[in-house]
1. Which of the residue pairs Lys153/Lys261; Lys108/Lys149; Lys235/Lys268; Lys149/Lys180; Lys174/Lys261; Lys149/Lys277 have a Cα-Cα distance greater than 26 Å in the structure shown?
2. Go ahead and collect, in residue order, the members of the stretch 22-55 whose backbone nitrogen is under 12 Å from a label point 7 Å along the Cα-Cβ direction of Leu63.
3. Round to the nearest 0.05 the FRET efficiency obtained for Glu14 and Glu41 when R0 = 25 Å and r is the Cβ-Cβ distance.
4. Could you compute the FRET efficiency for Asp266 and Leu187, with r as their C-beta to C-beta distance and R0 at 25 Å, rounded to 0.05?
5. Would you mind working out the accessible area per residue for the chain, using a 1.4 Å probe, and quoting it in Å²?
6. Check the straight Cα-Cα distances from Lys53 and name the lysines below 17 Å, setting aside those fewer than 8 residues away within the same chain.
7. Multiply the residue gap between Leu51 and Glu79 by 0.36 nm, knock off their C-alpha separation, and tell me the result in nm, one decimal place.
8. How about the stretch 40-149: which GluC sites (Glu not before Pro) there are in a DSSP loop, with at most 14 other Cβ atoms within 10 Å of their Cβ?
Amino acid sequence: MDLWQLHIFCKVVESRSFSKAGKTVHLSQPTVSSHIRDLEEHFGCRLIDRLSKEVLPTKAGELLYDYARKLLSLRDETETALADFHGKVRGRLVIGGSTIPGVYILPKVVGHFVSRYPEVRISLRIGDTDSVAAAILSGEVELGIVGAKTGEKKIVQEKLLADRMRLIVPADHKWADQEKIEADMLLQEPFIVREPGSGTLKAIRTSLSRIGHDMEKLNITAEMGSTAAVIQGIKNHVGISFLSCMAVTDELRAGSLRALKVSGLDVKRNFYLSFCKDRTPSPLSQVFGRFLKEIVPKIRKTEL
């Protein structure tokens, strides 16, 4: 058994496929299968059940997967620590981002970071706030940026950036020429919401409740799993919705969408740098965290 075999094993478990795992690690499917057989011989038990359409870990395989991830994480931490000792920043870092920071903030940050530290490789995983929080707790990602408080006591969250949202309507909507509408008017229109677990959804619900409106009273016509889907839904007259202005910058500039204020309603939220308090951060994640706090305000002013 060696770390390379454990790395291959984890890829098989995560992709549920020998061929997909092979593509990820640049090995043929027979070679991947050979490494898995070697591991099964080493531990004296079956680790992978080969089903008709996918492969799944056995109970022993699930146990090995948990320990393998810890070993691989420790390997990355060791390499980073020794590189840091020699005055170099290098290694691999896995980070997470909910939709808005994951799509519109972190790619810019990563670009600046790898320009400064070219020997670093960063893997960015994007999901809603709840899924990123779960990945932080499980150790799949070291840190993340999310758009809502998680309520999870094991996760530490530091405010990184404020975000203001606006009511977004298509350019040919009857309200398109108005700067502001009354809150009661929202009840008249088809409305698109994000999926449960979304920071955007939580922000809208909280803001409406502050002015005595129940979100369930809205005429909700669609629930969509990403900001991009909501944008397309608005453009295609499925409904209107609240969105971060940074997510529709191009559309607002092109004039295909309009951003309105709602009287008495201030839909805003913060983005939080989040990490697990029970896990010792790797030197690389500490460097990246400091870099985030340094660069995000600058990007916010010039690019977002």
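1. The answer is Lys153/Lys261; Lys149/Lys180.
2. Under 12 Å, as judged by backbone N against the label point of Leu63, lie 43-47 of the stretch 22-55.
3. The computed FRET efficiency comes out at 0.65.
4. It comes out at approximately 0.85.
5. 51 Å²
6. Lys11, Lys20
7. Fully extending the segment from Leu51 to Glu79 adds 6.4 nm.
8. Sparse-neighbourhood loop GluC sites (Glu not before Pro): Glu54, Glu119.
The values are calculated or read from the model by the stated rules, or taken from the named source; none is laboratory data. Just so we're clear, the structure is a prediction, and the values are computed from it rather than from any experiment. Cβ coordinates were reconstructed from backbone atoms using ideal geometry, including for glycine residues, and neighbour counts include every protein chain displayed. What goes into the accessible areas is simple: the full protein's heavy atoms, side chains included, and nothing from ligands, DNA or RNA. Shrake-Rupley method; radii C 1.70, N 1.55, O 1.52, S 1.80 Å.
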